[in-house]
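Q: Questions regarding the structure given below will be posed in turn.
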Amino acid sequence: MRVGVQFTGSLPANSTRKWFTHSWPANWHVVWYCIPKSPVRDGPAQLEWKIKVCRQTRTKIKYFIEAKNLTGRTLQFDARYAILNL
């Protein structure tokens, strides 16, 4: 398995934004997840995310990452991936 951070994003208070990442090999099994970085605070959930996908070509995949800030403050987060079949 290989893991990494594809990008770090910023979300204004109570907002939703979309990003995409392209040209991933179609034969890879990729899991996406988003982790809040700041502000650091214990309490209710800070972030929701959704993943959508399209096949760019016979051998390439494009992922769409939608992140929603559930807080009243600007939120920094990492969009992380895990490739399970390497």
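Q: Restricting the search to the range 8-26, which residues are farther than 14 Å from ILE51 by Cβ and of a type in the set (A, V, I, L, M, F, W, C)?
A: Across the range 8-26, the qualifying residues are LEU11, ALA13, ALA26.
This table checks each residue for (1) on the phi < 0 side of the Ramachandran plot; (2) over 12 Å from the mean Cα position of the chain (by Cα); (3) surrounded by 13 or more Cβ atoms within 10 Å (Cβ to Cβ).
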site: PRO39; (1), (2), (3): yes, yes, no
site: GLU48; (1), (2), (3): yes, no, no
site: CYS54; (1), (2), (3): yes, yes, no
site: ARG58; (1), (2), (3): yes, yes, no
site: PHE64; (1), (2), (3): yes, no, yes
site: PHE77; (1), (2), (3): yes, no, yes
site: ARG80; (1), (2), (3): yes, no, yes
site: LEU86; (1), (2), (3): yes, yes, no
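Q: Quick one: what pairs do we get from the range 1-29, first residue charged (D, E, K, R), second not in a strand (DSSP E or B), C-beta under 6 Å, 6+ apart or different chains?
A: Close Cβ pairs satisfying both conditions: ARG2/LEU86.
Q: Inspect the range 59-75 for any residue being touching a residue at least 40 places away in the same chain (Cβ under 8 Å) and among the acidic types (Asp, Glu) and give the result as yes or no. Walk me through it before giving the result.
A: Step one: list which residues in the range 59-75 are touching a residue at least 40 places away in the same chain (Cβ under 8 Å), which gives 62-75.
The next check asks that each one be among the acidic types (Asp, Glu); those that pass are 66.
Yes: the range 59-75 contains one or more residues that are touching a residue at least 40 places away in the same chain (Cβ under 8 Å) and among the acidic types (Asp, Glu).
Q: Name the residue that is nearest to THR16 (Cα to Cα), counting only residues in the range 66-75 that are surrounded by 14 or more Cβ atoms within 10 Å (Cβ to Cβ) and of a type in the set (D, E, K, R).
A: Here is the first cut: in the range 66-75, the ones surrounded by 14 or more Cβ atoms within 10 Å (Cβ to Cβ) are 66-71, 75.
So of that shortlist, the ones also of a type in the set (D, E, K, R) come out as 66, 68.
Working: GLU66: 7, LYS68: 4 Å.
Out of the qualifying residues, it is LYS68.
Q: Moving on to the next point. Which condition breaks for ALA13 when tested against (1) over 13 Å from the mean Cα position of the chain (by Cα); (2) of a type in the set (A, V, I, L, M, F, W, C); (3) not in a loop (DSSP other than H, G, I, E, B)?
A: The single condition ALA13 does not satisfy is (3).
Q: Considering every residue within the range 19-41, establish whether at least one is assigned to a loop (DSSP other than H, G, I, E, B) and closer than 11 Å to ALA67 by Cα. Walk me through how you get there before you give the answer.
A: We begin by selecting, within the range 19-41, every residue assigned to a loop (DSSP other than H, G, I, E, B); these are 26-29, 39-41.
Subsequent filtering for residues that are closer than 11 Å to ALA67 by Cα retains none.
Within the range 19-41, not a single residue is assigned to a loop (DSSP other than H, G, I, E, B) and closer than 11 Å to ALA67 by Cα.
Q: Please go through the range 42-83 and pick out each residue that is closer than 13 Å to ALA13 by Cα and not in a strand (DSSP E or B).
A: Residues satisfying the conditions are GLN46, LEU70, THR71, GLY72, ARG73, THR74.
Read-outs throughout are calculated quantities, based only on the coordinates presented, and are distinct from any laboratory measurement. As the structure is a computational prediction, the values presented were derived from the model and not from experiment. Cβ coordinates were reconstructed from backbone atoms using ideal geometry, including for glycine residues, and neighbour counts include every protein chain displayed.
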